[in-house]
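**Student:** Could you have a look at this structure, given as C-alpha cells, before my questions?
Read the figures in this text as sums done on the coordinates, not as results from a lab. All figures in this text were calculated on a predicted structure; none of them were measured in a lab. FYI the Cβ positions are ideal-geometry reconstructions off the backbone, even for glycines, and counts take in every protein chain you see.
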2 protein chains.
Amino acid sequence: MRALLTSLSMTVFLASVSVADPLPSWTGTATKAGIIAFVERVTDPASADYVTPAARIAAFDNDGTLWAEQPVYFQLLFAIDRLKEMAAADPEVLTSDVLRAAAEGDMETVAASGTEGLLEIVSTTHSGLTVDEFQTEVRGWLDTARHSGTGLAYDDMVYQPMLELLSYLRDEGFRTYIASGGGLHFIRVFSQNAYNIPPEQVIGSIGNGSYSAGDGPPRVMKDPGIFFIDDKAGKPVAIEARIGRRPVIAVGNSDGDFQMLEWTTAGDGARLGILLHHTDSEREYAYGRDSHIGQLARGLDEAASRGWLVIDMARDWERIWPSGK
Amino acid sequence: MRALLTSLSMTVFLASVSVADPLPSWTGTATKAGIIAFVERVTDPASADYVTPAARIAAFDNDGTLWAEQPVYFQLLFAIDRLKEMAAADPEVLTSDVLRAAAEGDMETVAASGTEGLLEIVSTTHSGLTVDEFQTEVRGWLDTARHSGTGLAYDDMVYQPMLELLSYLRDEGFRTYIASGGGLHFIRVFSQNAYNIPPEQVIGSIGNGSYSAGDGPPRVMKDPGIFFIDDKAGKPVAIEARIGRRPVIAVGNSDGDFQMLEWTTAGDGARLGILLHHTDSEREYAYGRDSHIGQLARGLDEAASRGWLVIDMARDWERIWPSGK
Ligand SMILES: [Ca+2]
Ligand SMILES: [Ca+2]
C-alpha cells in the first residue's frame, strides 16, 4: 500500500513538473511557443537538432534586454553621479567641456558630445582605483540611486520574463552569459544577484588595466583609456575569445546585437536569434527604429528573413518587473 | 540480510573511496602532503578556512607546468613548421631576416631576435585565417609532429602528476583554469582532451581579431598584431578580467608566473601558490635559475618566505608522462 501511494504521488509530482509553465510571465503567443519549441528540439536526445550540454551556450545583451536602458544607460547615470562627487572633492578633475557639462547635469551637451564624450566621462570615472574599490562604489550607488520614472532601484528594473527565460535555459542545461556593450566590472556587481549569472559568465566592455604590487597590497587597477568595446562586430570577437564556442541562442534588443545574432545563427545545426522590441509606452518604453539609445532598425528589417524571433513587449509580456506591474 | 549486506558493502565502498590516493604519481613527500592538507582545509565546512564552491578557482600555467616546454616552446615549433609551409606556397611571406631564418630552421638567429622576433613569427603564422581554420591547422600538426627528444606527440607530453592534481581539484569542487603566456586559440585545440579543461576555462595570449560577414559566412578572423600578452603582470589582469575572482590556488613554473602567485596568495583567507621546479635531467629536463626558457629565479628565492610550495620534479614525482616512464 505504501509502495502504491509512493508511486502514485511520484506520478502526480512528475505530471505537475511536466506541465509547469517555464515562462509564466509570457503571454500565450507564437513568440513563447517558438522559444519553448526550440529549446525542446535542441535538448531532446532523439531530435536531429540535439545539442550536447557542453555546447549549450546562450548569450544575452544586458542594456534594454535584461534590464531597462531609458532615458539613458544606467551606467552613464552612475558615471555622472560619480563625476559630481569627484568634482566636489577636486574640481580639477573637470578637464574638458564635456566633463564640466556632465558634472552640471547638462545632458544635452553630453548627448551632443557623442560616443567620444561618453567614453571620456566613463574613462574619467572608471579609472584611478582598484577593481575592488570601483565595485564598492557601484554597489553603494545601486543601493541608493533611484530611477526617475519608476522610483525603483536600477537593479530592480530587470525584466521578469527574461529572468524566467534565463532560469528556464539553465534548467535545460544551458550556460547563460551576458555579452554587453556595458562595462564588465560594472555589470558584475549585480549580475549574480539580479540574474544568477556569475562573474565568469559576464562579457562586457573594459578599460585598460594593470597590476600593482610592492608599494601596497597586490591589486588589479582600472587605468584610463578603453581596452575593448564589446558592441556590434566586437560581440562575436569577444564571445569567441571568452567562451571559445559559438552560442546556440543569442538575445538582444538593438542593432548593436546584429552581428552577435548573425554569427550565432550562422552556426551549424539549430540556432536561435531573439530580439526584444520595446513597444510598451504604458508599462515601460516604446522605441526602436529611430531611438538615440537602443536603435533597432536593421534587426527589424531582417528578422523575418533570418528566422529570428522578435519579442513584442506589449503583446508578448504579461508582466514587466519582478515587483509587479 | 540483504539490507545488512547492502549496508556492509556500502561501508566498504565508502572506506575504499576515502583512502583512495588522489595523487598516485606523487611520491610521499611533504609537497604532496601539503597540497592535500590545503585542499582538505578549504573544502571542509567545519574549517575556519572553508571556501565556498563558487569561489574554488585554481589557475594553472601551461608551458612547463602542465606540459613540457623544452627545447623550445611547442607553439613556436608549430609556428616555424607552419611558416615553412607558408613559404613553400608563397616565398613572399618571408618579409624579414627573422622570418627567413625561422623558415630555414636557423634557431640561433631566431633565439637572438628575442621576444620581438618571436612575436613576429607568431603573428605571421597565426593570422590571415579564421579561428576555425587556424585550429584545424594546429590539430593537424599535433596529430603528426613528434618531439625530437621523446618521439612523443606534443600533447602526450603532459605531466601525469599534474593531470592527477587537476582531477583531484575538480573532484573537490574546484574549477580548473589555464592562465598561459601561450596562445589562447592554440591551447584550446588540445585542452579539453589533454586536461579536461573546456575552452571557456582557457586564458592565454591573443592576437588581434575581427568579425567578417557579407562577403562569405559570418566568421571570426585572426588578424596580424598582438592584442594581449598573458604573461607576468598580465596574468593577474587577465584572470581578473576573465573570471572576476581571485584564484584560491595558482600553479606555475617560472618567474612569468610570479605575479599570478603573488596576487593569488595575497587574497583573503587560505590561498596556495605552487611552483614546479624542473630538476630531472634523466626523465625530463633540469633547468630554472639560468634557463633561457622557463627561468625561475625570483620564485625560488622567495617561495619559502611567501609560503609557496616548490615541487622538486625529480624528488616529488614518481612518474612524468601518462604513457609511462
Ligand atoms: Ca542593448
Ligand atoms: Ca611556464
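**Student:** Taking H as built 1.01 Å from N, whose amide H comes closer than 5 Å to the amide H of B:SER291, not counting residues under 5 places away?
**Tutor:** So B:SER291 has HN proximity to B:LEU296.
**Student:** Turning to a different aspect of this structure: Which one, A:ALA270, A:VAL251, A:VAL310, is farthest towards the positive end of the dipole of chain A when Lys and Arg carry +1 and Asp and Glu -1 on their Cβ?
**Tutor:** A:ALA270
**Student:** Further question on the same structure: Write out the GluC sites (Glu not before Pro) in the range A:72-163 meeting two conditions: DSSP loop, and at most 15 other Cβ atoms within 10 Å of their Cβ.
**Tutor:** The qualifying sites are A:GLU104.
**Student:** Give the peptides B:238-247, A:36-45 in descending order of average Cβ contacts within 10 Å, highest first. Provide the component values of the computation, followed by the final result.
**Tutor:** Values: B:238-247: 22.8, A:36-45: 15.5.
With the highest mean Cβ count within 10 Å placed first, the list reads B:238-247, A:36-45.
**Student:** One decimal, nm, shortest first: give the distances between the label point of A:ILE226 and those of the same position in the other copies, each label point 7 Å from Cα along Cα→Cβ.
**Tutor:** Copy-to-copy label distances for A:ILE226: 2.5 nm.
**Student:** If you don't mind, another one. Angle, helix B:114-125 long axis vs. longest principal axis of chain B, Cα atoms, 0 to 90°, nearest 10?
**Tutor:** 80
**Student:** Further question on the same structure: Which distance in nm do the two modelled labels at B:ARG139 and A:ASP171 give, with both placed 7 Å along the Cα-to-Cβ direction?
**Tutor:** 3.6
**Student:** Non-local amide H neighbours of A:GLU318 (under 5 Å, H modeled in plane, Pro and chain starts lacking H): which ones?
**Tutor:** The list, which skips near neighbours in sequence, is A:TRP26, A:THR27.
**Student:** Need one number: % antiparallel among DSSP beta bridges in the protein assembly as shown, to the nearest 5. Numbers along the way, then the final one.
**Tutor:** Values: 25 of 63 bridges.
Of the beta bridges lying entirely in the protein assembly as shown, close to 40 percent run antiparallel.
**Student:** Then there's this: Which one, B:GLY216, B:GLY140, B:GLY204, has the greatest fluctuation when you compute a Gaussian network model over chain B with C-alpha springs under 10 angstrom?
**Tutor:** The residue that fluctuates most here is B:GLY216.
**Student:** Contour minus end-to-end for A:GLU104 and A:SER210, with contour as 0.36 nm per residue of separation and end-to-end as the Cα-Cα distance?
**Tutor:** Values: separation 106, 0.36 × 106 = 38.16 nm, distance 3.12 nm.
Taking A:GLU104 through A:SER210 to full extension adds about 35.0 nm, to one decimal.
**Student:** Considering only DSSP beta bridges whose two residues both sit in chain A, what percent are antiparallel, to the nearest 5?
**Tutor:** Details: 13 of 32 bridges.
Bridges in chain A are about 40 percent antiparallel.
**Student:** Rounded to the nearest Å, what's the spacing between the alpha carbon centres of the range B:103-120 and the range A:242-279? Just the number, please.
**Tutor:** Between the Cα centres of the range B:103-120 and the range A:242-279 lies a distance of 42 Å.
**Student:** In degrees from 0 to 90, rounded to the nearest 10, what is the angle of the helix A:184-195 Cα long axis to the longest principal axis of chain A?
**Tutor:** Approximately 40 degrees, to the nearest ten.
**Student:** Using only the alpha-carbon atoms, what does the range B:74-144 span along each of its principal axes? Please give whole angstrom values in decreasing order.
**Tutor:** Ordered largest first, the range B:74-144 gives principal extents of 31, 25, 20 Å.
**Student:** Using a basic spin-label model with each label point 7 Å from the Cα along Cα→Cβ, how many nm lie between A:SER323 and A:VAL93?
**Tutor:** Inter-label distance under the simple model: 2.8 nm.
**Student:** Between B:ASP21 and B:ASP312, what FRET efficiency comes out of the Förster formula 1/(1 + (r/R0)^6) with R0 = 25 Å and r the beta carbon distance, rounded to 0.05? Walk me through the intermediate numbers first.
**Tutor:** On the way: r = 19 Å, r/R0 = 0.78.
The computed FRET efficiency comes out at 0.80.
**Student:** Here is a follow-up. Between B:THR27, B:THR130, B:THR150, find the one with the highest GNM mean-square fluctuation for chain B; connect C-alpha pairs within less than 10 Å.
**Tutor:** B:THR150
**Student:** Rounded, prolate or oblate: pick one for the range B:128-263, where a ≥ b ≥ c are the square roots of the eigenvalues of its C-alpha gyration tensor, a/c under 1.5 means rounded, and failing that, prolate if a/b is larger than b/c, else oblate. Show your work: numbers first, answer last.
**Tutor:** Numbers: a/c = 1.79, a/b = 1.24, b/c = 1.45.
Oblate shape, in that a/c is at least 1.5 and b/c is the bigger or equal ratio.
**Student:** In the structure shown, do any of B:LYS32/B:LYS235; A:LYS235/B:LYS232; A:LYS84/A:LYS222; A:LYS235/B:LYS222 have a Cα-Cα gap over 22 Å, and if so which?
**Tutor:** B:LYS32/B:LYS235; A:LYS235/B:LYS232
**Student:** Mind giving me the FRET efficiency for B:LEU163 and B:THR130? R0 is 30 Å, r the Cβ-Cβ distance, nearest 0.05 is fine. Intermediate values should be presented prior to the final figure.
**Tutor:** Working: r = 31 Å, r/R0 = 1.03.
About 0.45, to the nearest 0.05.
**Student:** Zone of B:ALA266 (label point 7 Å along Cα→Cβ, backbone N under 19 Å): which residues in the range A:115-155?
**Tutor:** Correct set: A:127-136.
**Student:** Using only the alpha-carbon atoms of the protein assembly as shown, report the extent along each of the three principal axes, biggest first, to the nearest angstrom.
**Tutor:** Principal-axis extents of the protein assembly as shown (Cα, largest first): 80, 76, 55 Å.
**Student:** Ok, one more. Any idea what the A:PRO45 label distances to the other copies are, label 7 Å down the Cα→Cβ vector, nm, shortest first?
**Tutor:** 3.1
**Student:** While we're on this one: Label B:ILE226 and A:SER47 with points 7 Å out from Cα along Cα→Cβ: what is the distance between them in nm?
**Tutor:** 4.5
**Student:** Right, here's the next one. Using amide H atoms built 1.01 Å from N in the peptide plane, name the residues 5+ places from B:LEU129, or on other chains, whose amide H lies under 5 Å from its own.
**Tutor:** B:LYS222
**Student:** Right, next: Which chain B residue hugs the B-A rotation axis most tightly by its Cβ, and what is that distance in angstrom, to the nearest whole number?
**Tutor:** B:ARG242, 3
**Student:** In the Gaussian network model of chain B, springs joining C-alpha atoms below 10 Å, which of B:ALA48, B:ALA20, B:ALA103 carries the largest mean-square fluctuation?
**Tutor:** So, out of B:ALA48, B:ALA20, B:ALA103, the one fluctuating most is B:ALA20.
**Student:** Per the Cauchy relation, a quarter of the hull surface: what is the mean projected area of the convex hull of the alpha carbons in chain B, in nm²? Intermediate results must be reported in sequence, preceding the final value.
**Tutor:** Details: hull surface 82.8 nm².
Directional mean of the projected Cα hull area for chain B stands at 20.7 nm².
**Student:** If you put a point 7 Å past Cα along the Cβ direction, how far is that point for A:ASP280 from the same point in each other copy, in nm, smallest first?
**Tutor:** Copy-to-copy label distances at A:ASP280, shortest first: 6.2 nm.
**Student:** Per DSSP helix of 4 or more residues, -39500 (n - 2.57); summed, then divided by the residues of the protein assembly as shown. What does that give at 222 nm, rounded to the nearest 500? Display every interim value, and only then the final one.
**Tutor:** On the way: 26 runs with 284 residues, N = 650.
Dividing the helical sum by the residues of the protein assembly as shown leaves -13000 deg cm²/dmol.
**Student:** Please determine, in degrees from 0 to 90 and to the nearest 10, the orientation of helix A:2-19 with respect to the longest principal axis defined by the Cα atoms of chain A, where the helix direction is its Cα long axis.
**Tutor:** 50
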